[in-house]
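Here, each number is a calculation from the coordinates, and none is a lab measurement. Model, not experiment: these values are computed from the prediction. Reconstructed Cβ throughout: ideal geometry from the backbone, glycine too, with neighbour counts over all protein chains shown.
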Amino acid sequence: MIDDDTLDQQLREAVPYINDDGFTTRVIASLPAVRHEPRWLRAMIVVGLALLGSGVAYVIGGGHVVREGIMEFANFPIWLLLVFAFGCGLVVGAFAVIFAIRKTPEVRDLTRLDF
Amino acid sequence: MELTDADLVARVLADDDQHAFGELVRRHQSSVRGLLRQLTRTDIALADDLAQEAFLRAYKNLRSFRGEARFSTWLYRIAYNCFREDARRRKELVGVDEKQWQAEHDPQTVDPALRHDLMHALSLLPLQERTAIVLCCQNGLSHDEAARVLDIPLGTVKTNVLRGREKLKRTLAAWAPN
């Protein structure tokens, strides 16, 4: 009687590799179509909502809130404004890098980062 | 650098990249179709239809793949479920049909070549044992992985593999030329 290892080996060898013969093409053809929203539409929605929100805030605040904010900002020492600007730059830059990596498969696969 | 299955899955999820999914299909089509051919007893057309359905389901449910098991294991599970649902529809899981099928295929009439004998002996095994043997011995899944694919206890898989092996050995020993 044959042993387990021999039997397993014979079982594995008994199964031939099945050639694709168009199988993958048929599967891909049967997949649901990818729905890509136009990118400009997304951008317009985001920008539009931001403008609308700003407008609503301005109207509700009567306008003086913005004016007072700018005046107050102008009174800050210059070094504090520079630090604030630098910090904002860092935050925006970090988000831009993360977004770029997420949207670039080659870089994402290379770094194997999982955000 | 060849991308791993996990990389390809990530691409499909992030960008709806159907080319990446195509690569996954290309990599696993042979083993999935082979498994289904064994389960459907070499009904190639049915096996390929089920394999296509399995890959389609895999694509639609890719987000539920959490990477805890190998992608191939997850795929086998889907393929096995497709087969089971189809078999239920066709009433092939009923024991009477199993016995009838075995009675119709007399082992003494098959081609004496070892490969042919082996595959025939395999096709004579009851479904549960055949599936366990195909997954564990032919496709190299661990007992634990096969238990996940078949959604049955680990002990049952081990028992089915053991019984299946013994039957195959007995059958092949009887057919071996003296």
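What residue among A:GLY89, A:GLY62, A:GLY22 shows peak mean-square fluctuation when chain A is described by a Gaussian network model with Cα springs under 10 Å? Maximum fluctuation in the GNM of chain A, among the listed residues, is at A:GLY22. Its residue count N fixes a reference of 2.2 N^0.38 Å for the stretch B:32-72, and the Cα radius of gyration divided by that reference is 1.30. Subtracting the Cα-Cα distance of B:ARG90 and B:ASP144 from 0.36 nm times their residue separation leaves 16.5 nm of extension gain. Modelled this way, with points 7 Å down the Cα-to-C-beta line, the labels at B:LEU62 and A:ASP21 are 2.7 nm from one another.
All other residues whose Cβ lies under 12 angstrom from that of B:LEU154 are scored, Lys and Arg at +1 and Asp and Glu at -1, for a net of -1. Exposure proxy shown here: for A:LYS103, B:LYS169, the number of other Cβ atoms within 10 Å sets the order, fewest to most, as A:LYS103, B:LYS169. Modelled label positions at B:ILE44 and B:HIS116, each set 7 Å beyond Cα in the direction of Cβ, lie 1.6 nm from each other. Largest GNM mean-square fluctuation among A:ILE18, A:ILE70, A:ILE101, using chain A with Cα springs under 10 Å: A:ILE18.
Compute a Gaussian network model of chain A, connecting alpha carbons closer than 10 Å, and tell me which residue from A:VAL15, A:VAL92, A:VAL59 fluctuates the most. Fluctuation is largest for A:VAL15.
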